[in-house]
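Where a number appears in this text, it was derived from the coordinates with a stated rule and is not lab data. Treat the numbers as computed from the prediction; the structure is a model and nothing was measured. Here the Cβ positions follow ideal geometry from the backbone for every residue, glycine too, while neighbour counts run over all protein chains shown.
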Amino acid sequence: MAHYLLIYELAPDYLERRRDFRDRHLALAWAAHERGELVLAGALADPADQAVLFFQGASPAGAEAFAKADPYVCNGVVRSWRVRPWTTVVGREAATPVPAPPGTS
């Protein structure tokens with residue numbers, strides 16, 4: 001299972017405009033989470049200019065489909081988006097785990 005980051009560039013008025021689409025956005029996100037595709041998601045703060053959504057799957061298709069269906073994207077609350085493969089190496093859920101160096105716990 002590979003990891004992917006869906007990165008949103010948010011509109012300058014994101015905080016004001018998101019309320020009109022938030023329920024539909026969150027319903028889409030929770031559905032993707034229930035399917036095991038979306039692991040974590042949220043906006044970056046101070047400033048709220050980007051959001052990061054962490055997906056897992058065999059390909060980036062799940063993350064791309066999410067963005068194309070997201071009311072935030074469809075209504076201009078998100079200015080642009082991109083999906084990046086994320087090579088995770090540390091942690092129980094790492095897709096390509098690298099062992100800890102000798103002498104570390």
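What is the gain in length, in nm to one decimal, between residue 88 and residue 59 on full extension, counting 0.36 nm per residue of separation less the C-alpha to C-alpha distance?
Taking 0.36 nm per residue and subtracting the Cα distance, the gain is 9.0 nm.
Based only on other Cβ atoms within 10 Å, what is the fewest-to-most ordering of 37, 93?
If I rank by nearby Cβ atoms, fewest first, I get 93, 37.
Along Cα→Cβ, 7 Å out, is where each label goes; now give me the distance between the ones at residue 104 and residue 75 in nm to one decimal.
4.4
With every atom except the alpha carbons ignored, what do you get for Rg and Dmax of the stretch 2-86, in angstroms?
Rg then Dmax for the stretch 2-86, in Å: 11.9, 35.
Would the stretch 44-105 count as rounded, prolate or oblate if I go by the C-alpha gyration tensor, calling it rounded below 1.5 in a/c and otherwise prolate when a/b exceeds b/c, oblate otherwise?
oblate
Summing Lys, Arg as +1 and Asp, Glu as -1, what charge do residues with Cβ under 12 Å from the Cβ of residue 71 carry, residue 71 excluded?
Overall, the nearby charge balance is +3.
Can you give me the Cα centroid spacing of the stretch 1-57 and the stretch 73-87 in angstrom?
9
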